[in-house]
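> The following block contains the structure, expressed as structure tokens.
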Amino acid sequence: HGSGKYVNQNGDVFLGSFAHNYPVSGTWSYVDGRTFQGDCCTKGMISNGMMTYPDGATYEGTFRRQKRHGKGTYEYSEGSVYTGYFREDVMEGEGELVWPTGARYEGSWANGKPHGFGRQYKEDGKTLHHEGLWHEGEIVA
């Protein structure tokens with residue numbers, strides 16, 4: 001129990017609090033340039049927090065084994081924002097993607113693409129552009 005610093009075999013560094021020799025809450029700095037702040041689970045399975053990526057993108061939400069998994073918000077470095085569900089780092093389930101122009105898509109996702117029922121709105125964010133079924137990112141009905 002207590003606070004401290006841990007460096008793993010890869011050179012990743014954790015600064016924060018520990019319980020039973022495992023990181024509990026703090027900041028991970030990874031050698032690939034990512035940083036994570038938040039709560040950790042046993043044996044490094046991160047549960048909740050914010051990851052900042054080398055390109056400036058951020059994700060705040062739930063993780064499993066350092067991957068976006070569950071509900072969260074991913075802000076792309078170019079300004080788009082996705083809020084919804086992820087599975088193993090991929091948009092999966094219900095979610096909304098808003099582009100910097102204001103255009104947006106809300107609905108079902110599979111393998112990182114609109115899939116199933118969804119609505120696409122024009123740049124004002126309110127005027128409906130398309131409502132219907134999508135298949136692997138393409139409008140089908």
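> Of the residues Arg34, Arg64, only one is modelled with pLDDT of 95 or more and touching a Ser or Thr at 6+ places or on another chain (Cβ under 9 Å); which?
When all the criteria are applied, what remains is Arg34.
> While we're on this one: Leu133 fails exactly one of the following numbered conditions: (1) open to solvent by 90 Å² or more (accessible area, probe 1.4 Å); (2) farther than 26 Å from Arg65 by Cα. What is the number of that condition?
Single failed check for Leu133: (1).
> If I ask for residues that are in a strand (DSSP E or B) and open to solvent by less than 50 Å² (accessible area, probe 1.4 Å), which ones from segment 102-119 would you list?
Residues satisfying the conditions are Arg104, Tyr105, Gly107, Ser108, Trp109, Ala110, Pro114, Gly116, Gly118.
> Between a first residue in segment 1-20 that is without any contact (Cβ under 8 Å) to a residue 60 or more places away in the chain and among the basic types (Lys, Arg) and a second residue that is surrounded by 10 or more Cβ atoms within 10 Å (Cβ to Cβ) and not in a loop (DSSP other than H, G, I, E, B), which pairs have beta carbons less than 6 Å apart while being 6 or more apart in sequence or on different chains?
Within 6 Å, the pairs are Lys5/Leu15.
For (1) assigned to a strand (DSSP E or B); (2) surrounded by fewer than 16 Cβ atoms within 10 Å (Cβ to Cβ), each residue gets a yes or a no:
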{"residue": "Gly11", "(1), (2)": "no, yes"}
{"residue": "Trp28", "(1), (2)": "yes, no"}
{"residue": "Phe36", "(1), (2)": "yes, no"}
{"residue": "Met51", "(1), (2)": "yes, no"}
{"residue": "Asp55", "(1), (2)": "no, yes"}
{"residue": "Lys71", "(1), (2)": "yes, yes"}
{"residue": "Ser77", "(1), (2)": "no, yes"}
{"residue": "Pro100", "(1), (2)": "no, yes"}
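> Does Tyr59 fit the bill of being of a type in the set (Ser, Thr, Tyr), crowded, with 18+ Cβ neighbours inside 10 Å, closer than 19 Å to Phe86 by Cβ and at pLDDT 95 or above?
yes
The values are calculated or read from the model by the stated rules, or taken from the named source; none is laboratory data. Since the structure is predicted, the reported quantities are computational estimates derived from the model, not experimental observations. Cβ sites come from the backbone with ideal geometry, for glycine too, and all protein chains shown count toward neighbours. Keep in mind that these areas ignore ligands, DNA and RNA; they rest on the heavy atoms of the full protein, side chains included. Shrake-Rupley method; radii C 1.70, N 1.55, O 1.52, S 1.80 Å.
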